[in-house]
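Asks: The structure under discussion is supplied below as structure tokens; questions concerning it will follow.
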Amino acid sequence: MNEYTQNMSEQEKIFCIQALKLVLLLEKRNCKDNEDYLKRKINDFGLTKSIINAATPLRTKENFIKEAKAIPSIRTKRFILREMILMAITDYEISDEQIALIYDMGMNIGIKQEKINDFFLWAAHGIEWQLEGIKLVEKDI
């Protein structure tokens, strides 16, 4: 568990998982990588599926914004937004709907557009790095 998750309350961790599920609702395809990522996050947070299932689900962007505004730490809000981006790109693809949702929600909870841009650029660099690693292993010299 990293320093951000150590300082998060159980409710904030549950909220983070719910936010990841909200991103997945926009996913047009079923991807095992996405499911695996979500399971890893639940495990990393020390939560159980029953705790997640018992929590009131976030069904709309408005619910997300309302809940996220109540989180006092901007760093926790940024961490959750970063996790949403990572969830969206787990399968190396991201839809326009997911991008729009993440920008809209981020800006509505007090994260500046420039910071959201930085997160997306960071994620893109990570994908490039991973794909280059695959090429290094698979290509003959």
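No lab work stands behind these numbers, since they all come straight from the coordinates. Just so we're clear, the structure is a prediction, and the values are computed from it rather than from any experiment. Please note: Cβ atoms are built from the backbone with ideal geometry, for glycine as well, and neighbour counts cover all protein chains shown.
Asks: Between M107 and S50, what is the FRET efficiency for a Förster distance of 25 Å, r being their Cβ-Cβ separation, to the nearest 0.05?
Replies: Once rounded, the FRET efficiency stands at 0.15.
Asks: Under 1.5 on a/c is rounded, so check that first for region 58-141, then, if it is not, pick prolate when a/b is larger than b/c and oblate when it is not; a ≥ b ≥ c are the square roots of the alpha carbon gyration tensor eigenvalues.
Replies: Taking the square roots of the gyration eigenvalues as a ≥ b ≥ c, region 58-141 is prolate.
Asks: Going 7 Å from the Cα of K39 in the Cα-to-Cβ direction, what parts of region 92-123 have a backbone nitrogen less than 20 Å from that spot?
Replies: 92
Asks: Which FRET efficiency value, to the nearest 0.05, do you get for E62 and D118 by plugging their Cβ-Cβ distance into 1/(1 + (r/R0)^6) with R0 = 41 Å?
Replies: Approximately 0.95, to the nearest 0.05.
Asks: Past 22 Å, Cα to Cα: identify those pairs from K13/K49; K49/K69; K13/K69; K69/K112; K49/K115, in the order given.
Replies: Those over the limit are K49/K69; K49/K115.
Asks: Taking just the C-alpha trace of the chain, give me its Rg and Dmax in Å.
Replies: For the chain, the Cα-based Rg and Dmax read 15.5, 54 Å.
Asks: Residue-wise, which Karplus ³J(HN,Hα) couplings in Hz belong to region 52-61, taking 6.51 cos²θ - 1.76 cosθ + 1.60, θ = phi - 60°, and x for glycine or proline?
Replies: 3J(HN,Hα) across region 52-61, in whole Hz: 5, 5, 6, 6, 5, x, 8, 9, 9, 4.
Asks: Still on this structure: For region 115-125, just list the computed ³J(HN,Hα) in residue order, Karplus coefficients 6.51, -1.76 and 1.60, θ = phi - 60°, integers in Hz, with x standing in for Gly and Pro.
Replies: 5, 5, 4, 4, 4, 5, 5, 4, 5, 5, 4
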